[in-house]
Every structure is written in C-alpha cells, then in structure tokens.
Amino acid sequence: MNRPEQPVQIAIVKYLRLRGFLFCAPDVGVNVKSERTRSILKAMGRTAGIADLVVWIPGGTVCIEVKRPKVLKWSAKSNRMIIEDSGGKQSTGQKEFEKVIHTLPGHHYIIAQSVSDVVDYFQKNNISTG
C-alpha cells in the first residue's frame, strides 16, 4: 500500500507520540477489495469517511484527515511558484463525517497536508494533552 499521504501521516503520528497524545488510526490496513470482507468490517463498526487519525484531548477529540500535499513547481513563464497539483480532496463520506464532528461541542476536524498543519492548528486552539 503506497499512498502519497503516507509520509505526512507518519510525521503527524511522530508528532503526536512526541507530545504524549492518545490517538488511533481507525482505518489503517482495512482498504480491502473483497465485498465479503468489507461487509464484515462494516458489521463490526467500520464507518466510511472516518478520519485517518482520532486524537483524544481534554473535553473532546481532534479528527485529522490526512491528504496528499500540494505540489508546487517553478514557472519561468510567470517567474514564480505555481501549484502543479492542489493535493488530495475529501470524499463525500469524509465531508459527511466532518459535518457530524462539527456539530459536537469540544470536537475538532482538520484536513492536514503536512505536520505543520497539525502543529499550527493545535497551537492556535491551545490543544494539549492536559
């Protein structure tokens, strides 16, 4: 399984471990092709669209959806950096999951294309292990 967002998620996990956060990656390793296996996983509680990482914080959670980062390239024509690829996009299920999280007091949902996105969000919102 080689996904472009893997290095980003690994960096975020290292940051969370370093800071002492309790978290899980609910869907790691369950991207299966077998319809029968998908049915079993769904019956066991697997939810389409759930965030890549769920972090417990005092009074709530932070759900982190990891997306492949933007790709920039130099344009000699315009003499500046331009976006070659805008990065990963949320699926319909992920957008629905985000809407539910935003209705719950104390719960957060972020889309991260880098570990810096998570660090900045945590600092901006004074999120710590307690």
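No value in this document is a laboratory result; all are computed from the given coordinates. All values derive from a computational prediction rather than experimental measurement. All Cβ positions, even for glycine, are placed from backbone atoms using ideal geometry, and neighbour counts span all protein chains on display.
Here are a few things to note about the model shown:
- Spatially near lysine pairs across region 6-124, Cα under 15 Å, sequence gap of 8 or more or different chains: 4
- Residue order, fewest to most surrounding Cβ atoms within 10 angstrom, among LEU41, LEU22: LEU22, LEU41
- By the count of other C-beta atoms within 10 Å, a proxy for reagent exposure, THR92, THR129 are ordered fewest to most as THR92, THR129.
- Formal net charge of residues neighbouring ASN125 (Cβ-Cβ distance under 15 Å; K, R +1; D, E -1): 0
- Overall form of region 6-124 per C-alpha gyration tensor (a/c, 1.5; a/b vs b/c): oblate
- DSSP bridge pairs, region 6-124: antiparallel proportion in percent, nearest 5: 70
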